[in-house]
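The numbers here are math on the coordinates, done by the rules we state, and not lab data. It should be emphasised that the depicted structure is a prediction, and the values quoted were computed from it without experimental measurement. FYI the Cβ positions are ideal-geometry reconstructions off the backbone, even for glycines, and counts take in every protein chain you see.
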Amino acid sequence: MKKVLAEILTIGDEILYGQITDTNSQWMSAELDELGVKVIRKTTVGDTELDILEAFAQAEERADIVLITGGLGPTNDDLTMPMLAHYFGSEIIMNQDVLEHVQDFFERRGRTFTELNRRQALVPEIAEVLHNDLGTAPGTWYERNGKVFVSMPGVPHEMKNLMKKLVIPKLRDFFQTPVIYHKLVKTVGIGESFLADKIKDWEDSLPDHISLAYLPSVGHVKLRLTAVGHDRQILKEEVQSKIDALLPLAEKYIYGYDDMTLEKAIGEMLLAQDKTLALAESCSGGYVQHKITTIAGSSEYFQGGVVPYHNDHKINLLGVKPETLEAHGAVSEACVKEMAEGVRKAFNADIGAATSGIAGPGGGTPDKPVGTVWIAYADGNQTVAKKLQLTQNRLLNIELTEISVLNLVRKSLKG
């Protein structure tokens with residue numbers, strides 16, 4: 001089956017100037033993916049006639065479907081309709097149905113209907129009008145040489161309504177599209193290149209209709225398996241069999257699939273094992289607690305935590321020994337272990353975890369440069385600590401510390 005390719009074209013100077021964010025393209029890409037259409041390019045052009053016409057021609061050459069948003073207002077800088085008319089060699093006419101809708105739209109809201117508003121009803125004669133029941137700018141549909149252009153308003157809720165009600169059903173009828181199935185495998189604690197080397201033979205064994213993409217982010221690497229075929233259930237089963245073959249190679253790094261987050265995965269593990277958690281954070285400033293409590297129901301397993309930035313509070317709240325601080329300092333294995341043990345006891349939790357480090361940009365020494373962080377885990381049976389040597393960036397260090405301490409908890413729970 002031939003792949004159906006799409007390009008998304010966004011029109012408007014305001015996007016190029018950075019005055020608004022183009023959220024439409026991301027949403028449309030996801031919808032097209034569900035339809036079995038592959039988006040090959042997203043393009044943004046300003047309100048310039050030549051640029052718009054060139055973008056139309058280039059998109060038509062590359063793609064089967066061209067989805068256009070923006071530039072449909074009634075003012076002189078809204079060029080999408082006249083440029084589409086020019087591109088398709090069509091006259092512009094006053095569409096009576098659109099005119100009546102726009103006039104009614106204004107009158108029902110008690111607003112004056114002006115001559116400028118009438119221009120919203122001007123559409124290329126060649127176009128099939130797509131009724132916009134949430135606004136005044138109509139969508140339009142064009143067909144040529146087996147390809148489709150669709151113009152829609154840039155207002156997100158209007159565009160989404162048109163896509164769901166009219167555009168997606170019409171595209172489904174016009175094109176015979178394959179099924180595209182994605183599965184995300186989420187890993188932590190291993191870099192992209194190390195993971196790729198570990199699973200190289202497995203990756204090489206994937207059949208032609210299943211592809212693999214590495215999607216790295218801060219502290220994480222997602223593996224996206226994409227299968228293309230005719231039957232969704234068969235594709236799901238094939239992908240699952242490949243994941244089953246992946247587990248012996250990478251299971252120790254895998255914490256979940258698709259929408260799972262690390263903090264949610266840990267919460268589910270704590271609930272399953274009927275255990276509770278408490279946290280003591282120095283350098284991470286409560287960020288780990290923030291992530292844990294973003295999960296609904298976290299009160300079932302999270303007892304609480306403290307941010308003992310000053311050493312006096314490490315001593316008074318957590319029972320860190322003054323001689324430990326004097327001999328080793330706050331950023332040390334000995335201190336962070338006592339913090340983890342102390343917070344566990346203070347909050348009567350099954351597990352205590354702690355962080356202490358130099359987030360930066362100042363505060364480093366030759367022995368303990370910026371980015372030096374210690375993390376620890378204590379459960380009454382064992383207390384383990386790990387040293388991290390991170391970056392010069394304070395916010396990045398806080399995020400990496402959060403991921404590392406959560407991963408330490410995850411690995412300890414996993415056994």
Output ordering of 143-150, 278-285 (per-residue mean of other Cβ within 10 Å, highest first) is 278-285, 143-150
Once amide hydrogens are built 1.01 Å from N within the peptide plane, the residues lying 5 or more places from Asp78 or on another chain with amide H under 5 Å from its amide H are none
With -39,500 (n - 2.57) per DSSP H segment of 4 or more residues and division by the full residue count of the chain, the 222 nm estimate, nearest 500 deg cm²/dmol, is -12000 deg cm²/dmol
Which residues qualify? For Ile126, with a placed amide H closer than 5 Å and at least 5 residues away or on another chain, they are Glu91
The long-range amide H neighbours of Thr43, using H built 1.01 Å from N in the peptide plane and a cut-off of under 5 Å, are Ile8, Leu9, Thr10
Taking a ≥ b ≥ c as the square roots of the eigenvalues of the Cα gyration tensor, with a/c under 1.5 meaning rounded and otherwise prolate when a/b exceeds b/c and oblate if not, segment 318-415 is oblate
Everything considered on the Cα gyration tensor (a ≥ b ≥ c; rounded for a/c under 1.5, else prolate if a/b is larger than b/c, else oblate), segment 15-71 must be described as oblate
Given pairs Lys291/Lys345; Lys242/Lys387; Lys147/Lys236; Lys242/Lys291; Lys236/Lys411 and cut-off 25 Å on Cα-Cα distance, the over-length ones are Lys242/Lys387; Lys147/Lys236; Lys242/Lys291; Lys236/Lys411
Expected sort for 298-304, 361-367 on mean C-beta neighbours within 10 Å, highest first, is 298-304, 361-367
Farthest towards the positive end of the dipole of segment 365-415, among Leu395, Val370, Val409 and with Cβ unit charges of +1 on Lys and Arg and -1 on Asp and Glu, lies the Cα of Val409
Segment 122-251: relative contact order from alpha carbon pairs under 8 Å, six or more residues apart, as a whole percent, is 20 percent
With Cα coordinates, the longest principal axis of the chain makes an angle with the long axis of helix 49-62, in degrees rounded to 10, of 80 degrees
Phi angles of segment 370-375, converted by Karplus (6.51 cos²θ - 1.76 cosθ + 1.60, θ = phi - 60°) into ³J(HN,Hα) in whole Hz with x for Gly and Pro, give 3, x, 6, 9, 10, 10
Of the residues Met94, Gln240, Gly357, the Cα lying farthest along the dipole of the chain towards its positive end, which is defined by charges on the beta carbon of Lys, Arg, Asp and Glu, belongs to Gly357
Given Cβ charges of +1 for Lys and Arg and -1 for Asp and Glu, the option among Ile295, Ser332, Gly139 whose Cα lies farthest towards the positive end of the dipole of the chain is Ser332
Taking Cα atoms only, helix 333-346 is inclined relative to the longest principal axis of the chain by an angle, in degrees rounded to 10, of 80 degrees
Once phi for every residue in segment 348-364 is put through the Karplus expression 6.51 cos²θ - 1.76 cosθ + 1.60 (θ = phi - 60°), the whole-Hz ³J(HN,Hα) values, with Gly and Pro written as x, are 6, 9, 6, 10, x, 9, 8, 9, 7, x, 10, 6, x, x, x, x, x
Rounded to the nearest 5, the percent of DSSP beta bridges in segment 262-414 running antiparallel is 60 percent
Given unit charges at Cβ for Lys, Arg (+) and Asp, Glu (-), the dipole magnitude of segment 4-174 about its Cα centre in debye, nearest 20, is 480 debye
Karplus-derived 3J(HN,Hα) from phi for segment 64-80 (6.51 cos²θ - 1.76 cosθ + 1.60, θ = phi - 60°), whole Hz, x at Gly and Pro, runs 8, 10, 10, 9, 10, 10, x, x, 10, x, x, 8, 5, 8, 8, 10, 4
Given 37 °C, 0.692 mPa s and a Kirkwood radius over Cα pairs, the Stokes-Einstein diffusion coefficient of the chain in µm²/s is 129 µm²/s
